[in-house]
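**Q** Dropping a structure here in structure tokens format, bear with me for questions.
The values are calculated or read from the model by the stated rules, or taken from the named source; none is laboratory data. Being a predicted model, the structure only gives us computed values, none of them experimental. A quick note on method: Cβ atoms are made from the backbone with ideal geometry, for glycine too, and the neighbour counts reach across all protein chains shown.
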Amino acid sequence: MTASGVSGDGGVSSEEAASGAVARALLSSRLSSKTRIGAAIGPLTSYRVGGCASALVVVDNRDELAELCGVLKNAQGGADTPVAVIGRGSNLLVSDEGFAGVAVMLGGSFGETSIAGTTVVAGGAAKLPVVARASVNAGLTGFEWAVGVPGSVGGAVRMNAGGHGAEMKDSLVAVKLVDLRKGDLLSRSNEDLAFGYRTSSVSATELVLEARFELSPGPVADGRAMLADIVSWRRTNQPGGQNAGSVFTNPDGDSAGRLIESVGAKGLRIGTAEVSQKHANFIQADENGRAADILSLMKEIQRRALESHGIELVFETHLLGFGDHVAGTGEADNR
């Protein structure tokens, strides 16, 4: 089967057939106005490359979420339809052939943040930099690092995002999430989430609705100065443009960027993708670029690192729509 969901003999795969049935069910549901068939999801990512999903659904509140779960659970083909959550798309590469499944995005009330005392409650769609600035303006410290991470709270929980010596797990108390397959609303504590380096126990079909953080009091002026320092550091040391941040996780006791430079891959280009000259663990995509070129470059970097150092670099970037044949990846993901 190709990434688009078409079988090798030119026929339609079971996944594509199931996705089509679910798409029709969504159009017949109360989510009809929130559903786009054949929606381009590649442009929703920070790479801005890649194809379309069978359907894209945007849910803005709990009622719409319940309707979506009902369709996925009860519609013909629902159990066989791949589902992916698209957050800010800042850590995601969508194949050029697209995704034969239903992509889900949170909006509306799921993007809100509230602060009471030292407790911050942020929706799964809330932007990390917005939450970081809101916490500082409320006289809190401990979340400043997130100002430089262009992801959503939900995606950051799932991958235990971090930077500048801190991670989500350091201040996260608990989350509320939904199992999109079953429709079950769940609550999990920090300890339940089995946090590791860029990992957690949140599965690909579990959608983080809300996260609760406990921070510490701190002078607003100090917090704002730290925010400015982090933003300045990122602008100086990391490239802008079409990229998805760090491509590989750091091996134990080493830096992926250092390894990539050591094998002569800094500045390496394949087609429309190039390893950044500013930071070797970033890949830049050209305007109207191809996801296949980015993946080929990732694989070439892996090959060189393994051949030269015996180290298999692991993708921090998540892949969607490439099938199960891609080695060295995290689970095809949602943010």
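**Q** Take Lys278 and decide whether it is in contact (Cβ under 8 Å) with a residue 12 or more places away in the chain, out of contact with any strand residue (DSSP E or B) (no Cβ under 8 Å at 6 or more places or on another chain) and not β-branched (Val, Ile, Thr).
**A** So Lys278 fits the description; yes.
**Q** Any residue at all in the range 298-305 that is closer than 27 Å to Gly142 by Cβ, surrounded by 17 or more Cβ atoms within 10 Å (Cβ to Cβ), touching a Gly at 6+ places or on another chain (Cβ under 8 Å) and not small (Gly, Ala, Ser)?
**A** Checking the range 298-305: not a single residue is closer than 27 Å to Gly142 by Cβ, surrounded by 17 or more Cβ atoms within 10 Å (Cβ to Cβ), touching a Gly at 6+ places or on another chain (Cβ under 8 Å) and not small (Gly, Ala, Ser).
**Q** Just name the residue that is nearest to Gly117 (Cα to Cα) out of those in the range 208-220 that are surrounded by 15 or more Cβ atoms within 10 Å (Cβ to Cβ) and out of contact with any helix residue (DSSP H, G or I) (no Cβ under 7 Å at 6 or more places or on another chain).
**A** The residue in question is Glu214.
**Q** Working only within the range 221-240, note down all residues that are surrounded by 14 or more Cβ atoms within 10 Å (Cβ to Cβ) and assigned to a loop (DSSP other than H, G, I, E, B).
**A** Once the filter is applied, which keeps residues that are surrounded by 14 or more Cβ atoms within 10 Å (Cβ to Cβ) and assigned to a loop (DSSP other than H, G, I, E, B), the range 221-240 yields Gln238, Pro239.
**Q** Separate question: Kindly evaluate Leu93 against the criterion of being buried (at least 19 other Cβ atoms within 10 Å of the Cβ), touching a helix residue (DSSP H, G or I) at 6+ places or on another chain (Cβ under 6 Å) and in the same structural domain as Arg212 (by TED's automatic domain parsing).
**A** No.
One line per residue, one yes/no per condition, for (1) farther than 19 Å from Ala244 by Cα; (2) hydrophobic (A, V, I, L, M, F, W, C); (3) touching a helix residue (DSSP H, G or I) at 6+ places or on another chain (Cβ under 9 Å):
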residue: Ser32; (1), (2), (3): yes, no, yes
residue: Val57; (1), (2), (3): yes, yes, yes
residue: Thr81; (1), (2), (3): yes, no, yes
residue: Arg88; (1), (2), (3): no, no, yes
residue: Lys127; (1), (2), (3): no, no, yes
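**Q** Only one of these conditions is not met by Gly163: (1) at pLDDT below 95; (2) small (Gly, Ala, Ser); (3) in the same structural domain as Leu56 (by TED's automatic domain parsing). Which number is it?
**A** Here Gly163 meets the rest and fails (3).
**Q** Out of (1) part of a loop (DSSP other than H, G, I, E, B); (2) within 20 Å of the chain's Cα centre (by Cα); (3) surrounded by 21 or more Cβ atoms within 10 Å (Cβ to Cβ), the odd one out for Leu295 is which?
**A** For Leu295, the failing item is (1).
**Q** Please tell me if Leu320 is touching a residue at least 60 places away in the same chain (Cβ under 8 Å) and touching a Phe, Trp or Tyr at 6+ places or on another chain (Cβ under 9 Å).
**A** Taking the combined requirement at face value, the residue satisfies it.
**Q** I need every pair where a residue in the range 140-160 that is under 16 Å from Leu215 (Cβ atoms) has its Cβ under 8 Å from the Cβ of a residue that is of a type in the set (Asp, Glu), sequence separation at least 6 or different chains.
**A** Thr141/Asp222; Gly142/Asp170
**Q** Just to be sure, is Leu186 buried (at least 20 other Cβ atoms within 10 Å of the Cβ), among the aliphatic types (A, V, I, L, M) and at pLDDT 95 or above?
**A** In short, no.
**Q** Restricting attention to the range 164-188, report how many residues are over 23 Å from Cys69 (Cα atoms) and of a type in the set (S, T, N, Q).
**A** Count: 1.
**Q** Which one of these is assigned to a loop (DSSP other than H, G, I, E, B), in contact (Cβ under 8 Å) with a residue 12 or more places away in the chain and aliphatic (A, V, I, L, M): Val202, Val136, Val208, Val175?
**A** Val202
**Q** Now for a different question. Residues of the range 106-126 being of a type outside the set (Gly, Ala, Ser) and surrounded by fewer than 23 Cβ atoms within 10 Å (Cβ to Cβ), which ones?
**A** Glu112, Thr113, Ile115, Thr118, Thr119, Val121
**Q** Within the range 28-46, can one find any residue that is in contact (Cβ under 8 Å) with a residue 24 or more places away in the chain, touching a Ser or Thr at 6+ places or on another chain (Cβ under 7 Å), outside any helix (DSSP H, G or I) and polar (S, T, N, Q)?
**A** Yes - at least one qualifying residue is present in the range 28-46.
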